[in-house]
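The values are calculated or read from the model by the stated rules, or taken from the named source; none is laboratory data. Keep in mind it's a predicted model, so treat the numbers as computed, not measured. Note: ideal-geometry Cβ built from the backbone for every residue, glycine included; neighbour counts use all protein chains shown. The accessibility values were calculated without ligands, DNA or RNA, using every heavy atom of the protein model including side chains. Shrake-Rupley method; radii C 1.70, N 1.55, O 1.52, S 1.80 Å.
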Amino acid sequence: MTIISTRHSCTDTPCFVRKVALLFLCVTAVQTNSASLKRSQDPPKSSTLRQAAEARHILIGTAAAPRYFDEADYAAILGSEFSELEPENQMKFQIIHPRAGDDPKSFDYKPADALADFAQSHNMLLRGHTLVWHNQIPDWVKQGHYTESQLATILKSHIDSVVTHYASKVYAWDVVNEAFNDDGTMRDTVWYNQPGIGAGKGTQYIEQALRWAHAADPKAKLFYNDYDAEVVNQKSDAIYTMAKDFKQRGVPLDGIGFQTHIYPQFDDPTTLASYAANLERFAKLGLELHTTELDIRLADSSAASLAAEAKLYGEITTLCVQQPACKLIQTWGFTDKHSWIPQFYKGMGWALLWDDRYRKKPAYDAVHDALAK
């Protein structure tokens, strides 16, 4: 049998060119098919902040108020974009415990319960804020002329009642809020020294509040929360010293909340490096770190200002993503329509991820991209 070969010698230049072209087409086809297969195997890009954060095992949260639930856009964004919420005011002493006494009639849980119900129905975690603070204290406490012992009984009863009411619903509490001055000394407050339950005793009243909260709900995570302590400074040094002491002595402190109310000038390499170093030293104590009240206030809504805001939002989010101990990024509200900034910082605003018409701002994309990287 004669076998006729279909192979031909190819020594001329045109033939060689055809072979090279054919080889190129084959390689290109293989690469295209491989890339297509890889794309089909990759997870789809997250469409919400919540999905992007969950992929990072980070919570994305916001402060909320039930009076806005009637706004369809507000409720829809809150329930879909965030995995955690915290009451803006509804758990503060003045709101939740407006009348003297420790009987059920002394408390008004309805506003905070509305937030708890919303969180539960949208599969969100609920964060408690705050049990001990120098602001928003009812007159019956401030003007009661109580002795140190009586005031301690009042605070213990308050913590017992509120924490017990939300046991199994609140996963973490800001137990004590803003107890330090900028220079690291203890703030003068009704709880510390006016008349106080810890005057001259350093951080003892903070420790006591943590122990009371832990006794009321041993499963809840307990935090100390403060502002202007994001970088290494006198205030954060004092908080660090307290936290180190508490951890060494077994005081039930689980984490630190860094409020992070900032402005575009915070976007400085030295400042951001100090923030990262500060987070790292607290992380080394074995503490969980939360960014609790993030907003970036602007002097105007120009394109340049919104771009600067977005850049800084992305950098702050990246700091959390890069720090394993950082488990929460939470903004203080999410729409400029209901921001606290214009009332407290005259002439400033535009601080959040959605504008006053519920449109996503560049800052939204920056946070999403930092989470999705």
Determine the per residue accessible area of region 259-355 with all protein chains present and a 1.4 angstrom probe, expressed in square angstrom. 38 Å²
Between the alpha carbon centres of region 234-265 and region 102-131 the gap in Å comes to 26 Å
Using a 1.4 angstrom probe on heavy atoms only, work out the carbon and sulfur share of the accessible area of the chain in %. 54 percent
Along the charge dipole of region 125-176, Cβ charges K/R +1 and D/E -1, which of L155, V141, L131 sits furthest on the positive end? L131
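Please sort 51-60, 167-176 by packing, taking for each peptide the average over its residues of neighbouring beta carbons within 10 angstrom, highest first. Could you put the intermediate results ahead of the total?
Working: 51-60: 18.8, 167-176: 21.7.
Result, highest mean first: 167-176, 51-60.
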Helix 72-81 against the longest principal axis of the chain: what's the angle in degrees, Cα atoms only, rounded to the nearest 10? 70 degrees
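Using a 1.4 angstrom probe on the protein heavy atoms only, line up L319, L78 by accessible area, largest first.
L319, L78
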Note, ³J(HN,Hα) from phi for region 261-267, Karplus 6.51, -1.76, 1.60, rounded to Hz, x at Gly and Pro: 8, 9, 9, x, 5, 5, 6
Placing +1 at every Lys and Arg Cβ and -1 at every Asp and Glu Cβ, with all other atoms neutral, what dipole size does the chain have around its Cα centre, in debye to the nearest 20? 1360 debye
Need one value: the accessible area of L285 in square angstrom, 1.4 angstrom probe, rounded to the nearest 10. 40 Å²
Considering only Cα-Cα distances, which of the following residue pairs are longer than 23 Å: K244/K327; K221/K244; K221/K247; K142/K244; K337/K361? K142/K244
What one gets for region 128-244 as the Kirkwood radius, inverse of mean 1/r over different Cα pairs in Å, is 14.6 Å
Which value does Rg/Rh take for region 264-335 over its C-alpha atoms, Rh per Kirkwood? 1.00
How far apart, in nanometres, would the label points at A273 and D365 be if each is projected 7 angstrom from Cα along the Cα-to-Cβ direction? 3.1 nm
Specify which residue in the list L298, I256, G79 is farthest towards the positive end of the charge dipole of the chain, using unit charges on the beta carbon of Lys, Arg (+1) and Asp, Glu (-1), about the Cα centre. G79
Accessible surface of K235 in the full protein assembly, 1.4 angstrom probe, to the nearest 10 Å²? 0 Å²
With 25 Å as the limit, write out which pairs from K110/K156; K92/K284; K169/K311 have Cα-Cα distances beyond it, or answer none. K92/K284; K169/K311
Treating only the Cβ of Lys, Arg, Asp and Glu as charged (+1, +1, -1, -1), what charge dipole size does region 306-367 show about its Cα centre? Round to the nearest 20 debye. 120 debye
Can you pull the Rg over Rh of region 198-306, Cα-only, Kirkwood? 1.05
Per the Cα gyration tensor, the chain corresponds to an equivalent ellipsoid with semi-axes, largest first in Å, of 53, 22, 21
Taking only the alpha carbons of region 298-373, the radius of gyration and the largest Cα-Cα distance, Dmax, both in angstrom, are 12.6, 37
